[in-house]
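Before any comments, here is the structure.
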């Protein structure tokens with residue numbers, strides 16, 4: 001599977017809020033961090049716990065990818081996107097820069113960079 005196809009399927013799993021499908025995209029030793037939030041989530045168990053809490057608090061989520069780049073060797077994918085998140089009837093359009101490190105057709109590291117003020121309103 002190409003990195004672009006992997007991302008298309010990953011985004012679809014998020015839109016469906018299918019935790020099991022989302023988790024299949026990660027290596028066992030993956031790391032996931034939203035940069036304005038600490039600490040990083042390391043390993044599938046921590047990542048699942050974070051994603052379950054996040055998706056459980058929202059009505060819906062959609063990732064709209066605007067631009068995407070893949071390294072020549074296919075081990076790095078970066079995308080500029082807007083995540084549309086509906087939490088408790090409040091929709092937030094979150095502008096995000098995502099960096100995905102890929103290994104053996106899975107995500108081994110995921111870093112999202114965004115302004116936390118989009119959530120806090122400050």
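None of the figures in this text is laboratory data; all of them are computed from the coordinates on show. Computed from a prediction, not measured in an experiment: that's the story for all the values here.
Quick look at the numbers
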| quantity | calculated |
| --- | --- |
| Taking all pairs of distinct alpha-carbon atoms in the range 39-115, Kirkwood radius in angstrom | 13.7 |
| Candidates 57, 109, 21: whichever shows maximal mean-square fluctuation once the chain is modelled as a Gaussian network with Cα springs under 10 Å | 57 |
| Sequence-separation-based contact order of the range 3-115, relative, with Cα cut under 8 Å and 6+ spacing, percent | 27 |
| Length added when fully stretched, residue 15-residue 93, from 0.36 nm per residue minus Cα-Cα | 26.6 nm |
| For the range 12-58: rounded, prolate or oblate by the Cα gyration tensor [a/c cutoff 1.5] | oblate |
